[in-house]
Amino acid sequence: MAEVRAEMVANVWKVVVSEGDTVSDGDTLVILESMKMEIPVMAEDDGVVAQLKVAEGDVIQEGDLIAVIE
Amino acid sequence: MLTETLGPVLIANRGEIARRIIRTVKRLGLRAIAVHSEADGDLPFVREADEAVLIGPASPAQSYLDVGKVLEAARATGARAIHPGYGFLAENSAFARAVIDAGLVWIGPAPEAIDKMGDKINARNLMESAGVPVAAGTREPVTDLSLALKAAESIGYPVMVKTAGGGGGIGMSVAHDDEGLAKAFEQAARAAARFAGDALDGPAVLLERYIERARHVEVQILGLPDGRVLALGERDCSVQRRHQKVVEESPSPGITPELRERMLAAAARAGEAVGYLGAGTVECLVDADAQDFVFLEMNTRLQVEHPVTELVTGLDLVELQLRVAAGESPEVRAATSGHAIEFRVYAEDPKRFFPGPGTITTWEEPEGEGVRVDSGYAAGNTVTPFYDPLMAKLCVYGETRAEALERGRKAVDAFVVEGPKNNLPFCAELLDNAEFVTGDYDTGLIARMRGLR
């Protein structure tokens, strides 16, 4: 199981995957936006998206849980 | 003075540039009106304005980009002129027209000039016909990938891919082959849809021949009501990350006096071709080896890095903008002396340059001879993720480049920012970098420093 957390304060611009999706290492899960920059958040393992904790338009803080890959 | 007829002046912007404009507006004896979002209520520009109006929530679309709310604030406060700063609505011709239609003075060029230059494809074609050199590239909007692939074939890789309406490096990338082009095109098209401010019928993308060892050098111009267009020296903006400027200096250490003279003359011609009024910037790419240049784009507004020009000319460009907007044609001494360097202090980590918003716990600005700091924040303020990461501009001046570099080192050391991540350590690193110190650098400098190339 791998937790994917936010590296910085950001707005969730786009959610690319859904819970239950199968993903591979390097796949984009969500795209954040902070200070006019798009920041893709990627899976660091192969697996299934067990939990997805953010929705488009959310403001998230550094360290917040974005997704869990199993 | 005619400028008396301008006040009160409403500044439709935020952060360091709003504060900097307020300073000149007040010095000229005019009232300064700020507008701000809910996220910015505690920032210095709000406090330093004579009057401030809350115009909406943090999201730029609902505050700084909302034409109706800005105009309503102007009406409510009795403002007679609007200064847009840079970014946000500064190059939005519909806003400029709305300001004029509301009976207010627009502190900027005519909306028609913004339209002609705002579309990068149109601007490029117009410059070519005015005798300004341009890079090989597309003359019509490229609206889908198959057209882009065809264009790249005739231009030859590498190509620069950008949005016709974009600015600030957003949506720009270099493609070295067909596969890279597919990615770059998709990115540009997405940026066009998101940041273009006005709705487009489809993505309008532009492809140009990419110069590998290029310097980015721009010329400050000033169009006067009597028809003259002055060239007020150049700025070298080759220190860039993600195609966005980090450090600018004037004069450029990478061009010969002969090339400088040709560039200044071409920039004035570019301004004359659109009947340009007020402050504008003609951006060029310089092939450092060939000592030749091509037109890149024209910015129809005050530029972020304008203090560099102010330090070497002794002029106040905001004052000149106001005087031109009031109909004056002031006598301006275009000569430059000494050397100025600007460091953009960004809220970002100094290694990968990723955003690092946060609350400022310590903020100590350097002072001393030849040091100017234009900042948007103070201790206790929060740098939020809603706007661009520029916290301050640290500018240094010296009689020579060596003196400016030395003052830069001391000033960077003395600048203390705690709380948000910031790139001051990068600035210090740059000031010890051999390429930068000798002046023999190009737009690939930061990528080389980070081992990315």
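List of remarks:
- In the set A:16, A:68, A:12, only one residue is in contact (Cβ under 8 Å) with a residue 40 or more places away in the chain, touching a strand residue (DSSP E or B) at 6+ places or on another chain (Cβ under 8 Å) and within 14 Å of chain B (Cβ to nearest Cβ); that residue is A:12.
- All positions within region B:174-187 that are buried (at least 17 other Cβ atoms within 10 Å of the Cβ) and at pLDDT 90 or above: B:175, B:180, B:181, B:184, B:185
- Condition check for residue B:331: among the charged types (D, E, K, R) and in contact (Cβ under 8 Å) with a residue 60 or more places away in the chain: no
- Single residue of region B:383-407 satisfying the filter (in contact (Cβ under 8 Å) with a residue 40 or more places away in the chain, within 14 Å of chain A (Cβ to nearest Cβ) and part of a strand (DSSP E or B)) that is surrounded by the most Cβ atoms within 10 Å (Cβ to Cβ): B:391
- Search result, residues across region B:408-452 that are surrounded by fewer than 21 Cβ atoms within 10 Å (Cβ to Cβ), within 17 Å of residue B:372 (Cα to Cα) and of a type outside the set (A, V, I, L, M, F, W, C): B:409, B:410, B:413
- Whichever residue in region A:25-52 is within 14 Å of chain B (Cβ to nearest Cβ) and in a loop (DSSP other than H, G, I, E, B) and, among such residues, is farthest from residue B:358 (Cα to Cα): A:36
- When B:384, B:359 are checked against the criterion of being within 27 Å of residue B:13 (Cα to Cα), among the β-branched types (Val, Ile, Thr) and under 24 Å from the mean Cα position of the chain (by Cα), B:384 stands alone in meeting it.
- Across region B:362-375, a minimum of one residue is classified as surrounded by 15 or more Cβ atoms within 10 Å (Cβ to Cβ), in contact with a Phe, Trp or Tyr (Cβ under 7 Å, 6 or more places away or on another chain), acidic (Asp, Glu) and in contact (Cβ under 8 Å) with a residue 12 or more places away in the chain.
- Positions within region B:308-349 being within 14 Å of chain A (Cβ to nearest Cβ) and assigned to a loop (DSSP other than H, G, I, E, B), in sequence order: B:347, B:349
- Filter result for the condition that a residue is at pLDDT below 95 and under 21 Å from the mean Cα position of the chain (by Cα), over B:61, B:34: B:61
- Identity of the residue in region B:234-260, part of a strand (DSSP E or B) and of a type in the set (Gly, Ala, Ser), that ends up surrounded by the most Cβ atoms within 10 Å (Cβ to Cβ): B:250
- Qualifying positions in region B:37-65 - assigned to a loop (DSSP other than H, G, I, E, B) and either of a type in the set (Ser, Thr, Tyr) or surrounded by fewer than 23 Cβ atoms within 10 Å (Cβ to Cβ) (or both): B:41, B:42, B:50, B:57, B:58, B:59, B:63, B:64, B:65
- Options B:79, B:18; residue that is in a loop (DSSP other than H, G, I, E, B), aliphatic (A, V, I, L, M) and in contact (Cβ under 8 Å) with a residue 60 or more places away in the chain: B:79
The values are calculated or read from the model by the stated rules, or taken from the named source; none is laboratory data. The model shown is predicted, which means the values in this text are computed figures rather than measured ones. Cβ: placed from backbone, ideal geometry, glycine included. Neighbour counts: every protein chain shown.
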